[in-house]
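J.: Encoded as structure tokens, here's the structure I'll be asking about.
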Amino acid sequence: MTLHVVPSFSRIGEENAFAVLARATELQRQGKDIINLGIGQPDFPTPDHIVEAAVKALRDGHHGYTPANGILPLREAVAADLHKRFSVTVSPDEVMIVPGGKVTMFMAILMFGEPGAEILYPDPGFPIYRSMIEFTGATPIPVPIREENGFAFSAEETLSLITPKTRLLIVNSPANPTGGVTPKAEVDKLVAGLARFPDVAVMSDEIYDQMLYDGERHVCLLSYPEIRDRLILLNGWSKTYAMTGWRLGFSVWPKPLYENARKLAVNSHSCVNAAAQWAGLAALTGPQDAVSMMLAEFDRRRKAVVSGLNALPGVSCAVPKGAFYAFPNVSKTGWKAKTLASALLEDAGVATIGGPDFGVHGEGYIRLSYANSLPNIERALERMGEFLNRASPG
Ligand code: PLP
């Protein structure tokens, strides 16, 4: 038997974080004590009032399909929330509710990717950008994200990579895996430069937009009217409200693209599950103290992780200004990043992700998620120190 699966499936990639999670779980099953700093999800439960809203929605009979683009009260709440936080005017008709942040990138890359087209994406960056670009047959063009630039993207370098074939530019701040935050002046420069390239669409992944530290303020790309007609905003509830398993995200689309996205929804998931949408509404309109509490706790851990990492032999860690990741430079340990990450898991019982899993420019770094308790983080740092002092580079 020969099944003729289309060749694009030989090009689709993965997120290695899930493979590391599977290996960590397997080691735990064998009785090993593993501290997981690999996975990128808050370790807090979803706040009670959000869970209760979902339960109530089910009890109230919200069991059927909803409109493919999401229930109107939720789209209105998203628009109101964006207005409250960034003073931007968004119509609920531009907002689409989707099952998770990933779905927006899936749709946007499908809309612009085809053989011959080029799509720019951050490297190191979220691995699904490149995977999806390759899936469509488009050429992935990495935009290097550099430590010496505070892991912000450089407007000048980004603009220099645009060619007549460029269809879509993906930006991400605060960023995974680096925790980098791009300053407003750099975003201003990028937007000004984009005036020279009116046919390039922009997808801004702002899933970590409420996770900034040290008084940094988030720069939402919706605040630039000059690119609104070609800007796709990716956001969602996963990180801010500790709702990764609910599968709830939203996008803001320029009018001409909205119908394409809505039709993709009709052709794939139909709509997001109704109870999750009512929960999302409670998240946006209810008390925000759980968000502040989680952020304050992440900040405490961030400081512990950075100072702990900087005390390890051969390791130096820039202070991440956003998200919940540290991206230490491990090149002076003598280890290749992926070999080190896997030795740390197998030998020291600490799960991290090798930088190259986020792109070629990730070599020399590993990613630690500090979405774990402070005592666990301290134990992990101790084990890493003990390991680095004992083991010779493999
Ligand atoms: N974008 C970035 C930068 C992320 O780090 C993640 C998740 O790790 C996502 C999007 C996807 O979020 P979701 O779990 O809501 O699909």
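J.: With n ≥ 4 as the cut-off for DSSP H runs, can you work out [θ] at 222 nm for the chain, using -39500 (n - 2.57) per run divided by the number of residues, rounded to the nearest 500?
T.: Calculated mean residue ellipticity at 222 nm is -12000 deg cm²/dmol.
J.: What is the calculated FRET efficiency for Asp214 to Glu346, with r their C-beta to C-beta distance and R₀ = 41 Å, to the nearest 0.05?
T.: Values: r = 35 Å, r/R0 = 0.86.
Rounded to the nearest 0.05, the efficiency is 0.70.
J.: Please list, ordered by chain and number, the residues whose modelled amide H lies under 5 Å from the amide H of Phe250; skip anything fewer than 5 residues away on the same chain.
T.: Those qualifying (amide H under 5 Å, at least 5 residues apart or on another chain) are Val98, Asn235, Gly236, Trp237.
J.: Rolling a 1.4 angstrom probe over the protein chains, ignoring ligands and nucleic acids, what is the accessible area of Asp93 in square angstrom, nearest 10?
T.: 90
J.: Per-residue HN-Hα couplings for segment 115-130, Karplus 6.51 cos²θ - 1.76 cosθ + 1.60 at θ = phi - 60°, whole Hz, x for Gly and Pro?
T.: x, x, 8, 10, 10, 8, 8, x, 9, x, x, 4, x, 6, 4, 5
J.: A follow-up question, please. What full-extension length gain, to one decimal in nm, is calculated for Arg390 and Val6 as 0.36 nm per residue of separation minus the Cα-Cα distance?
T.: 133.4 nm
J.: In segment 65-124, what GluC sites (Glu not before Pro) fall in a loop by DSSP, with at most 13 other Cβ atoms inside 10 Å?
T.: On the way: sites: Glu76, Glu94, Glu118; in loops: none.
For GluC sites (Glu not before Pro) across segment 65-124 that sit outside H, G, I, E and B with at most 13 neighbouring Cβ atoms in 10 Å, the list is empty.
J.: With the other protein chains left in place, how much accessible area per residue, in square angstrom, belongs to the chain at a 1.4 angstrom probe?
T.: On a per-residue basis, the chain sits at 42 Å².
J.: Then there's this: Accessible area of the chain with a 1.4 Å probe: how many percent of it is carbon plus sulfur?
T.: Carbon and sulfur: 56 percent of the exposed surface of the chain.
J.: Mean projection of the alpha-carbon convex hull of the chain over all orientations, in nm²?
T.: The directionally averaged projection comes out at 20.9 nm².
J.: Only loop residues by DSSP count here, and only those with at most 11 other Cβ atoms within 10 Å; note down the trypsin sites (Lys or Arg not before Pro) in segment 97-204 that meet that.
T.: Of the trypsin sites (Lys or Arg not before Pro), the ones in loops of segment 97-204 whose Cβ has at most 11 other Cβ atoms within 10 Å are Arg196.
J.: Convex hull over the alpha-carbon atoms of segment 64-285: what's its volume per residue in Å³? Could you put the intermediate results ahead of the total?
T.: Values: hull volume 25.2 nm³, N = 222.
So the per-residue Cα hull volume is 114 Å³.
J.: In the P(r) worked out for segment 240-394, what percent of Cα pairs fall beyond 18 Å?
T.: 66
J.: Measuring from label point to label point, each 7 Å out along Cα→Cβ, what is the Ala80 to Glu52 span in nm?
T.: Those two pseudo-labels are separated by 1.9 nm.
J.: Continuing with this model, one more query. Around Met211, which amide H atoms from residues at least 5 apart in sequence, or from another chain, sit under 5 Å from its own amide H, with H modelled in the peptide plane?
T.: Close amide H contacts, sequence-distant or interchain: Ala323.
J.: Among the lysines, which have Cα under 24 Å from the Cα of Lys102 when same-chain residues fewer than 8 positions away are ignored?
T.: Lys239, Lys255, Lys263, Lys321
The values are calculated or read from the model by the stated rules, or taken from the named source; none is laboratory data. Predicted model only: the values in this text are computed from it and were never measured. In this analysis, Cβ positions are derived from the backbone assuming ideal geometry, glycine residues included, and neighbour counts consider all displayed protein chains. What goes into the accessible areas is simple: the full protein's heavy atoms, side chains included, and nothing from ligands, DNA or RNA. Shrake-Rupley method; radii C 1.70, N 1.55, O 1.52, S 1.80 Å.
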